[in-house]
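Here the structure is laid out as C-alpha cells; the discussion comes afterwards.
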Amino acid sequence: MRSSAPPSPDGAGTLVAELIHLLHQGAPAGDFARRLAEVEALPDHLPAKSTLAETVRMAMAIRNRLELQQQRERGMLAVIDSAQALSSRLDLQSLLAALVQRARNLLGSDVAWLSVYDAERGEFHVLAADGAMRQTTSGMVARHDRGVASVVMSTRLPFMTPDYLHDMRFGHDAGLDAAFRDEGIAALVGVPLVWDGEVTGLLFVADRYHRLHTAQSISILCTLATHGAVALKNARDFERANAALHDADQARAELERHVRSIQAATDAHEQLTSLLARGASLATLCESVARLLGGSVLVLDEALQAVSAAAAPGHAGPGAAGYTPHGERSAEVARALRQSRETGRSVPAWQVEGESCRIMAVIGGDGILGAALLFHGGALEEIAIRTFERSASVIGVVLLSRQRLEASKSHDASDLLRSLVWPRQGELKDLVGRAEHHGVDLSRPLALMLVEMDGPSAGYAARRFRTMRPLPDALVDDLDGTLVILCGATGALDARLAVSAWARSELHAAHRGVLSRPIGGPAEIPALYATLGRALPVLRRIGVQGQIVNQNELALYSTLFESHDQASLGSFLEATIGPLISLDRKRSAELAPTLLSYFDNNQNAKTTAQRLGIHVNTVRQRLATIETLLGHWGQASRALEIHIALRLWHLSAGAD
C-alpha cells in the first residue's frame, strides 16, 4: 500500500478516508502504527493533533477487533470441522490419532498426544501421539498425582506452563521429566477429557520453545477435548456393541453345538441302556463305549486287575495295551481313583505323548466294584465326559450282576462254611454230605486258614479263589471281613502257598494269616475258628506282614496276647524293659528305639547305625548302657523276651 504524507492540520478528512481504506483492505497492524507515528510527529501546538491521534487509535482498535473476530470465526470453523471429522469415526485407534493430529494443527504446536486414564492403576497411558521424535514419548505413563496430570485431574481445568521442567507448581516424576527432556519439550498445555463428571483422559499440546497460549487457543483446545470425549465414548460404545454382537453369535453357535452334543449324549445313553436291557456282555459294552468316545476303554476290578478292554477303530494309543496293575503309573491310578471315589466324577490320571487317561470309580451295592479307564487323544468335551461317567454306571450294573450271579452259584458252599465254623453246627450227617458235594472230606484230617489283607476286600479274594483260581477240595468265603479257607490237611500247605503268592504278585498288598494245626473232625472247627480269630490281631500287633504262619508258631505269644489283659501286658513290660523306658522318659536317651532296631536288624550294630542315621560307636555306647540296666541278654530266650517286650512297647507308644 502506498504511503501518504503527514496529514496537515486541516487534513482530518483525508486521514479518516485513508484509515477506512486500510480497514477495507485488511491492512496489517504495521500500516496503522505508521499512521499513528506520523500524527504524533505533528507539532504539539496544532489543535487537531490529539483528535487525529485518537482517530488513528480508534481505527487500530477496530482493526484488532476485526482480526479477533476473524480468528474466532476460523477457530469455530476449525472446531466444527473437527467435530464432524471425529463424529464420523468409530474405530477407536483411528479416532484417537485424528483427535491428536487435529489438536496439534489447530494450535500450531510441535507435539500433541492423548492419554487415557486407567482407574485401577491410577495412571494415564499415552494411546496416540503426533509430531513426536522419540519412541519414549509415545509410551509415556503419567501417575495421576504427578506432573500436569495431577493438576488437571484435581481441578478438571486446563493448565498451561511455558517451562515444564522448571515449573515447581506441581510434583515432578523423574521418568516423565526424562522423556520430556529427551523430546526437547519446554511449553505444555493440557486439558481434560470429561464424561459424566469423570476425567477419562487428557489432551496435551507441547512446543520445544517457551510459549504462552491465548485464552482463545485454550478455549478451542477445550472444545476439541469435549468433542473428543463424546466421540471417544461413542467409539467405545460401538466397540462394546460389536463385542456384544460377536458374543451373541458365539453364544448361539455354542448353544447349537451344545444341543447337538446333548442329542449325541442322549443317543449314547439310549444305546447303552438298550444293550444293558438285552443282557449284553461286559466286552460288548466296552466296545460300544470305545466307539462312542473314540478311544480305548479298560475295565478293572477292585484289585485293579483288567477284566475287559476294547478300542475304537483308528485309535492306536498304547495306554490300554501297556497297562499293568502295579506298573509305573500305579501311583497316578491310585490317586485318581481315590479322588474319583470322593467326588463321584471322573478324574484325569495322566497324559503321555498326546494320549490321556481318565479314570472313573465304578460303584455298586455297598462298595467299590472297580474302575473304568478311558484312553483318548486330545481334549474331551464336557458332554463326552458325562457320557463316560454314565457308561461307568452301566458297567457297574454288569459287574454287580456278575458278582451276584457268582454269589448265587456259591451260596451253598458259603452257607456250608458258615455252618461249620458256627458253634451250633447242626446235623453232622447233613454237613458231611454237603461237604462231599464240594470235594471236602470231613472224615479226614482238616486244616483251617484265616487271612486278612490291607488291600482289596476279603470278599474279592474269596471270589477270586472260588472262580478264577479255585483251590481244589476247599471251602472259601469271606467271614466278617476275613478270608476263611477250610481244606484237607494234606492240601493246606499248597493252599497257603497259593494265597501268599497271589497276594504278593498280583495285589502287592500287605497280608497276614494263620494256618491251623491239623484237626481230626468237624466238631473241632468252631473252637479252632475262634482261636485263629484271636490270633490275627496278635499278628497285626507284633508287626507280621506278608506271611501266613503256622498255629504252632504262635504258642509263645498265646499266654501274653490271647487274653487281651492290659494289666498283664503292662506288668510284663515293666518287668522286662521297665528301667529302659523310665530312663528314656527322663533323659530322652533313645535307648529303647535303639535296642528294638538292634534286634530287628539281627543284632548287627553297623546296620542299626545306618538305619538310625547315627555313628556305630554311638550304637555300641547305648547298648553298653542298656546292658547295665537290663543285664546280659546273651541267652536266646532272654533276647526273645526283651524283643517281644520292645515290640509291645513300640505298638502301645504308636497307638498313644
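Seen against the Cα atoms of the chain and their longest principal axis, helix 492-502 is set at about 10 degrees.
For the range 284-361, the Kirkwood hydrodynamic radius comes to 12.9 Å, computed from all pairs of different C-alpha atoms. The Cα atoms of the range 166-302 define a convex hull whose projected area, averaged across directions, is 18.9 nm². Along each principal axis, taking the top coordinate minus the bottom one, the Cα set of the range 9-53 gives 33, 19, 10 Å in descending order. What the Cβ-Cβ distance of ASN602 and TRP422 gives, at R0 = 41 Å and to the nearest 0.05, is a FRET efficiency of 0.40.
For the range 496-539, the gyration tensor built on C-alpha atoms gives an oblate shape. Its axis ratio a/c (a ≥ b ≥ c) is at least 1.5, and a/b is not larger than b/c. Net charge in the neighbourhood of THR136 (other residues with Cβ under 11 Å of its Cβ; Lys, Arg +1, Asp, Glu -1) is 0. When peptides 309-319, 242-252 are sorted by average Cβ neighbour count within 10 Å, with the highest value leading, the order is 309-319, 242-252. Taking only protein heavy atoms and a 1.4 Å probe, the accessible area of the chain is 53% carbon and sulfur. One compactness figure for the range 120-243 is 1.07, namely its Cα radius of gyration divided by 2.2 N^0.38 Å. Using the Karplus relation 6.51 cos²θ - 1.76 cosθ + 1.60 with θ = phi - 60°, the per-residue 3J(HN,Hα) values for the range 305-316 come to 8, 6, 10, 6, 8, 7, 9, 6, x, x, 8, 10 Hz, with x marking Gly and Pro.
Angle between the Cα long axis of helix 29-40 and the longest principal axis of the chain, 0 to 90 degrees, nearest 10? Taking the Cα atoms of the chain, the angle to 29-40 is about 40 degrees.
Computed from the C-beta positions of ALA501 and ILE614 and an R0 of 35 Å, the FRET efficiency is 0.35 to the nearest 0.05.
Grab the other residues whose beta carbon is less than 11 angstrom from that of VAL297, score K and R as +1, D and E as -1, and report the net. Don't skip to the end; give the middle numbers.
Working: positive: ARG291, ARG358; negative: GLU287.
Net charge around VAL297: +1.
Sorting the Cα pairs of the range 334-461 by distance into bins of 10 Å, from 0 upward, gives 10, 29, 23, 16, 13, 7, 1 percent per bin. The alpha carbon centroids of the range 204-222 and the range 96-164 are separated by 13 Å. In order along the range 161-167, the Karplus-derived 3J(HN,Hα) couplings, from 6.51 cos²θ - 1.76 cosθ + 1.60 at θ = phi - 60°, round to 9, x, 9, 4, 5, 10, 7 Hz, and Gly and Pro are given as x.
Highest mean first, the peptides 126-136, 167-177 sorted by other C-beta atoms within 10 Å per residue fall in the order 126-136, 167-177.
So what's the convex hull volume per residue for the Cα atoms of the range 268-315, in Å³? Can you show the working numbers first?
Values: hull volume 3.5 nm³, N = 48.
Per residue, the Cα convex hull of the range 268-315 comes to 74 Å³.
Computed from Cα positions, the angle between helix 591-600 and the longest principal axis of the chain comes to roughly 60 degrees. Dividing the summed helix terms, -39500 (n - 2.57) for each DSSP H run of n ≥ 4, by the number of residues in the chain produces a 222 nm estimate of -18000 deg cm²/dmol to the nearest 500. For the range 394-484, the equivalent ellipsoid derived from the alpha-carbon gyration tensor has semi-axes of 25, 15, 12 Å in decreasing order.
Rounded to the nearest 20, the size of the Cβ-charge dipole of the range 143-185 about its Cα centre is 220 debye, with Lys and Arg at +1 and Asp and Glu at -1. Given the alternatives (1) 18, 46, 30, 6, 1, 0; (2) 15, 39, 32, 11, 2, 0, 0; (3) 13, 21, 20, 15, 15, 9, 5, 2, 0, P(r) over Cα pairs in 20 Å bins from 0, in percent as computed for this entry is given by (3). Relative contact order of the chain, please, whole-number percent, based on alpha carbon pairs below 8 angstrom and at least 6 residues apart. Once divided by the residue count of the chain, the mean separation gives 6 percent. Taking a sphere under 13 Å around the Cβ of GLU54 and counting the other residues whose Cβ falls inside, with K and R at +1 and D and E at -1, yields a net charge of +2. Sorted on the mean count of surrounding Cβ atoms within 10 Å across their residues, most packed first, peptides 337-343, 119-125 read 337-343, 119-125. Summed over the residues of the chain and divided among them, the accessible surface reaches 52 Å² per residue at a probe radius of 1.4 Å. What's the Kirkwood radius of the range 587-656 in Å, using all Cα pairs? It is 12.4 Å. Projecting label points 7 angstrom from Cα along Cα→Cβ for ARG121 and HIS411 puts them 7.6 nm apart. Cα centroids of the range 320-389 and the range 480-497: how far apart, whole angstrom? Comparing the Cα centres of the range 320-389 and the range 480-497, I get a distance of 35 Å. Distance between the C-alpha centres of the range 420-447 and the range 587-656: 49 Å, rounded to the whole angstrom. For the range 439-484, the convex hull spanned by the alpha carbon atoms encloses 68 Å³ per residue. Amide H to amide H, with H built 1.01 Å from N, ARG211 comes under 5 Å of ALA187, counting only residues 5 or more places away or on other chains. Phi-derived couplings, Karplus 6.51 cos²θ - 1.76 cosθ + 1.60 at θ = phi - 60°, listed residue by residue for the range 637-649: 5, 5, 4, 5, 4, 5, 4, 4, 4, 5, 5, 4, 4 Hz, with x used for Gly and Pro. If the Kirkwood radius is taken over C-alpha pairs of the range 417-553, then at 37 °C and 0.692 mPa s the Stokes-Einstein diffusion coefficient equals 221 µm²/s.
The values are calculated or read from the model by the stated rules, or taken from the named source; none is laboratory data. This structure is a prediction, so every number in the text was calculated from the model and none was measured. Because the Cβ atoms are built from the backbone with ideal geometry, glycine has one as well, and the counts that use them run over all protein chains shown. The area values use the complete protein model at the heavy-atom level, side chains included, leaving out ligands, DNA and RNA. Shrake-Rupley method; radii C 1.70, N 1.55, O 1.52, S 1.80 Å.
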